[in-house]
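The values are calculated or read from the model by the stated rules, or taken from the named source; none is laboratory data. Computed from a prediction, not measured in an experiment: that's the story for all the values here. Cβ: placed from backbone, ideal geometry, glycine included. Neighbour counts: every protein chain shown. Keep in mind that these areas ignore ligands, DNA and RNA; they rest on the heavy atoms of the full protein, side chains included. Shrake-Rupley method; radii C 1.70, N 1.55, O 1.52, S 1.80 Å.
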Amino acid sequence: MIDLELIRREPEKVEANLARRRNPDYLRLLTEARAADAQWRSALRVADNLRRRRNELSHRMAEARGQGGPSPELTAEAKSIPDQLKTTEAGERELRKTRDALLRRLPNLLDDSVPYGKDDSENVVVATWGTPRPGGVGLRSHGELLEALGMGEFERAHRASGSGFYYLSGPFVLLDLALQRFALDLLVSRGFTPVAPPYMLRREPYEGVTDLADFENVMYKVEGEDLYLIATSEHPLAALHMGEILDEDTLPIRLAGVSMNFRKEIGGHGVDQKGIFRTHQFSKVEQFVFCRPEQSPEILEELRTNAEEVFRRVEVPYRVVNVCTGDVGTVAAKKYDVEAWFPRQQAYREVVSCSNCTDYQARRLGIRLGKAGRPEKSVPHTLNSTAVATSRALAVILEQYQRPDGSVTIPEVLRPYLGGMAALNPPSQGAPDPGPARTRRRPAPSRQGK
RNA sequence: GCUGAGGUAGCCUAGCCCGGCAAGGCGCCAGUCUUGAAAACUGGUGGGGUUUCCCCACGGGAGUUCGAAUCUCCCCCUCAGCGCCA
């Protein structure tokens, strides 16, 4: 949420900033919000005056109590007030709600360094690393490859849970865990505290961290409960300090969230037919930081460096883009995407999103800055960045590291987490097909010591 | 799920039974004093508004009343015990 005081004090500045997002709806929202605010203020004055009169009268009635009781005139006026107040207050409340609803729909103010542009085609490449592997005739998609390896089940998953779900199995599961552990170790070495957050949040904190459209398009709601499955651990990590006053001396707070994430993925490009690039659930190690306002630009670069480091060490070529004004999300003031090179697709595709949300989330969540016993009006900044979303990272690894014989080399840096395993190998061709696992009868375990 | 206890300002607490300006302590800020600090003393320390003043705020909402932290009803959350449970 944008600071209302700033909107009142420097409306032109806010308007100019919102205009950079190239969505006229925002300017209209701003105009409506300002109008609603002005109306609310005048309604508030009327209500305040009525309440003031009510207070005067009831004090006088209290005084008159010991002295023969209040006069009939006094009583009559006092009794006339509640009805007037009721309608006035209802109007005032309505205006305030309208104003606040409008304010909440306004996106964050953009940082000046965000390039001006209409959509993702105008994002600006700010860094590239590695040499993109050339495409080849035999290159297989990561989904096909997984099936051939016998380590991914898509049709069965679709039957059981619907499209957008998958079964992973065998060494690939270990590779997934290895990647998470590798990223986590990297973050811990850089001062992050690992956090395993709740996978469900109530609506109230959720409204603090995301925009309303997400409730429709992204989040799964638990039926009959005020709970939503998290779309990213960013959300519960932000809510961790909801309603608190953060001691400035303890900042920045660096957290490494580890969680499964759940997304409906309605709209957009939908889920892929086969594979794990865009799915309804995926694992992610996330960087999240609470900091003082002046620290956030520097920390954004820090988070970006960490995310790049993951892909460098795994040796996957990538580039970094500074996301342009028309493409930055609602809550971010500035965002970098890391895009990895997918050799079969011959394209860079997003694997990391790294955002500075400035005070937008923190204000909505009621988080303030302060020192012991001295809360301040100022609000901390929050930042978040993927360290590694394993589904996407594994997809790119499969494309990048596949070999003509259908096996996949395991990146050097992950091998220590896999007991030295160097490759994912397809089922050996010479060996006889073991067929479905035989049901073995085991003797019922004897129950001793009972 | 059941039963009980709770939710008051940055924190802790009183007020609730029996309606009449939210009291006190801690912390914090400022001032006096001091070479400096501590202590002591004095004042301040939630949000809003058209700011010498006024309004709001006691988990949220509705109701009763001239007047509600206080009475009534509904809801939310936390804690404890019990139940269920990997």
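Summary table below
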| quantity | calculated |
| --- | --- |
| A:Phe165 accessible area, 1.4 Å probe, all protein chains in place, Å² to nearest 10 | 50 Å² |
| Helix-only mean residue ellipticity at 222 nm for chain A, each DSSP H run of n ≥ 4 adding -39500 (n - 2.57), per residue, nearest 500 | -12500 deg cm²/dmol |
| Amide H within-cut-off set for A:Leu246, under 5 Å, with H built and near neighbours excluded | A:Arg368, A:Leu369, A:Gly370 |
| 5 angstrom amide H check on A:Arg263, placed H, neighbours 5+ away | A:Gln281 |
| The range A:315-375, relative contact order [Cα under 8 Å, separation at least 6], % | 28 percent |
| The range A:4-105 - percent relative contact order, Cα under 8 Å, separation 6 or more | 40 percent |
| Candidates A:Arg21, A:Arg202, A:Arg159, ranked by Gaussian network fluctuation over chain A, Cα under 10 Å, top entry | A:Arg159 |
| Heavy-atom accessible area ranking, 1.4 Å probe, most first, across A:Val137, A:Val46 | A:Val137, A:Val46 |
| Percentage relative contact order, the range A:120-424, counting C-alpha pairs under 8 Å, at least six apart | 25 percent |
| With 5 Å bins from 0: P(r) over the range A:54-152, alpha-carbon pairs, percent | 2, 8, 8, 7, 7, 6, 6, 6, 6, 5, 5, 4, 5, 4, 4, 4, 4, 4, 2, 1, 0 |
| Listed residues A:Val125, A:Val351 arranged by accessible area, highest first, probe 1.4 Å | A:Val125, A:Val351 |
| For the range A:4-105, the spread of Cα positions along each principal axis, largest first, Å | 70, 21, 16 |
| Choice from A:Arg254, A:Arg363, A:Arg65 showing the highest fluctuation, given a GNM over chain A with Cα pairs closer than 10 Å | A:Arg65 |
| Unit charges on C-beta of K, R, D, E only; dipole of the range A:120-424, Debye | 340 debye |
| Accessible area in the full protein assembly, largest first, 1.4 Å probe, for A:Ile276, A:Ile245 | A:Ile245, A:Ile276 |
| Overall form of chain A per C-alpha gyration tensor (a/c, 1.5; a/b vs b/c) | prolate |
| A:Trp40 - accessible surface, heavy atoms, 1.4 Å probe, Å² rounded to 10 | 40 Å² |
| Selected from A:Asn306, A:Gln281, A:Leu175, residue furthest toward positive end of dipole (the range A:120-424; charges at beta carbon) | A:Leu175 |
| Accessible surface of chain A [probe 1.4 Å, protein heavy atoms]: carbon and sulfur percent | 49 percent |
| In Å², nearest 10: area of A:His381 left accessible to a 1.4 Å probe | 20 Å² |
| FRET efficiency estimate (nearest 0.05) - Cβ-Cβ, A:Thr193 to A:Arg60, R0 41 angstrom | 0.10 |
| Charge dipole of the range A:4-105 about the Cα centre (unit charges at C-beta), most positive-ward option of A:Ala19, A:Leu57, A:Val46 | A:Ala19 |
| Choice from A:Met421, A:Met260, A:Met242 showing the highest fluctuation, given a GNM over chain A with Cα pairs closer than 10 Å | A:Met421 |
| Probe 1.4 Å, accessible area per residue of the range A:181-302, Å² | 45 Å² |
